[in-house]
Amino acid sequence: MDPAHRFRTTASSAARREAAAFWLFRAATYLVVGCGAAVFLTIFLRGAGTVLQKEPPFINTAFFTEAPETLYVFDFEGAHRQMGFREYQVFKAAHPNATLSPETYIYSAGGIFPAIVGTVLLVVGSMTIALFLGVSAAIYLNEYARDGKFIRFVRLSIMNLAGVPSIVFGLFGASMFVVGFKVFGVQFFGWNTSLLAGWFTLAFMVLPVIITASEESLKAVPKGFREGSLALGATQWQTIRKNVLPYALPGILTSSILGIARVAGETAPIMFTAAYVVRDKLPWQVEKLSEFVFQGVMALPYHIYVVSSKIPQNEYTARVQYGTAFVFLLLVAVIAAASIILRNRLRNRYKW
């Protein structure tokens, strides 16, 4: 054998298996990326026609600022016209002698502003409740609770809850928070279809993810931080608040990003607890401020579901479907990006 090639890699069955495994894993990764890109690209290309326009201001502001309307399509004086309900009423009043025979398409005109507002309120409210309860539970399990059969059972129960279908949480929320129950003649909950019922239902749905991720973040903080603080005379709560929780916050915010993605995209829970097909008034348009949380709302995922499956399909409804999906993905991306930016700032601030 030539000494110059003594350490040259020789072909063998093990090397061929290694190369095959490498290309298999690489192909699987690129397949996942390609499928995701195809989904987003389809929604972007088909939704951009609704959200964007060729003339200034290049954004369909009506789609972002108006409520859904019925679309009226008709021919008038040789021109093909498309109008929303309010515009059609004005046009009809201006031409009282005209014979109009419009075709109508429900929810195919106007915009999705009430659905955007409802989605933001549902996400912010439910994540606030979920983070408070989830982080509190994680602190107890990791910092205070002693390891034993009961605590292991609690952790197992939390893991099992993560696998419960969302529609089950929706039924639970409908029976617990919407309908409520009576004990010795005293009514508990019974909030009807409202923001409050949706908040708690969605919060309970994402609690397993937040508790598990928050507990792992707390475990990642070195024990020396706790021991040094306790040695200097701090109480356990002072140690957690000053020396543990700040360093675990980046990981906790990571769990919130996962929670936001799930809360915003669920249809079944909000369909049973918080969402209406059409809602004329916005949640804050009430006589008393105390009634704010007891108002039902429209929501983007439920609106997509209704427009996609509950009305006759045509080119006009498809335009609304993909436009709403485009805005929905954009909204989730903005909220998640805000969490990522806050997480990165905390990581740069708290390092060890």
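Derivation of every value follows stated rules applied to the coordinates shown; laboratory data play no part. Since this is a predicted model, take the numbers as computed values, not measurements. Cβ placement follows ideal geometry from the backbone for every residue including glycine, while neighbour counts extend to all protein chains displayed.
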*For T273, T267, what ranking results if the residue with the fewest other Cβ atoms within 10 Å of its Cβ goes first?*
T267, T273
*asked:* Using 0.36 nm times the number of residues separating R349 and K92, minus their current alpha carbon distance, what extension gain do you get?
replied: 86.3 nm
_Rounded FRET efficiency, nearest 0.05, which uses the C-beta distance separating Y30 from M159 and R0 of 41 Å_ = 0.85
*Measure off 7 Å from each Cα along the Cα-to-Cβ vector at V39 and K223, then give the distance between these two points in nanometres to one decimal.*
4.2 nm
*What list of whole percents do you get for P(r) of the stretch 68-110, with Cα-Cα distances grouped in 10 Å bins up to the one holding the largest distance?*
31, 58, 11
*Compute the separation of the alpha-carbon centres of the stretch 99-150 and the stretch 238-281 and state it in Å as a whole number.*
7 Å
*Among (i) 33.5; (ii) 19.8; (iii) 37.8, find the value of mean projected area of the Cα convex hull in nm² that was calculated from the structure presented, and write down its label.*
(i)
_Only Lys, Arg (+1) and Asp, Glu (-1) charged, at Cβ; the stretch 68-110 dipole about Cα centre in debye_ = 100 debye
*For an R0 of 30 angstrom, estimate the FRET efficiency from the Cβ-Cβ distance between E77 and R46 and round to the nearest 0.05.*
0.40
*Once the Cβ-Cβ distance between F184 and L258 is put in as r, and R0 is 45 Å, what FRET efficiency do you end up with, to the nearest 0.05?*
0.65
*asked:* Placing unit charges on C-beta atoms (Lys and Arg positive, Asp and Glu negative, everything else neutral), compute the dipole magnitude of the stretch 113-349 about its Cα centre in debye, rounded to 20.
replied: 620 debye
*Using the number of other C-beta atoms within 10 angstrom as an exposure proxy, rank H80, H303 with the fewest first.*
H80, H303
*Hey, what number do you get for the chain at 222 nm if only DSSP H runs of n ≥ 4 count, each worth -39500 (n - 2.57), divided across all residues, to the nearest 500?*
-20000 deg cm²/dmol
*What order do you get for F177, F91, F184, F40 when you list them from fewest to most C-beta neighbours inside 10 Å?*
F184, F40, F91, F177
*asked:* Counting only GluC sites (Glu not before Pro) that sit in a DSSP loop (anything but H, G, I, E, B) with at most 10 other Cβ atoms within 10 Å, what is the longest stretch of the chain containing none of them?
replied: 78-286
_Distance between modelled label sites at K54 and F22, nm, 7 Å Cα→Cβ extension_ = 5.1 nm
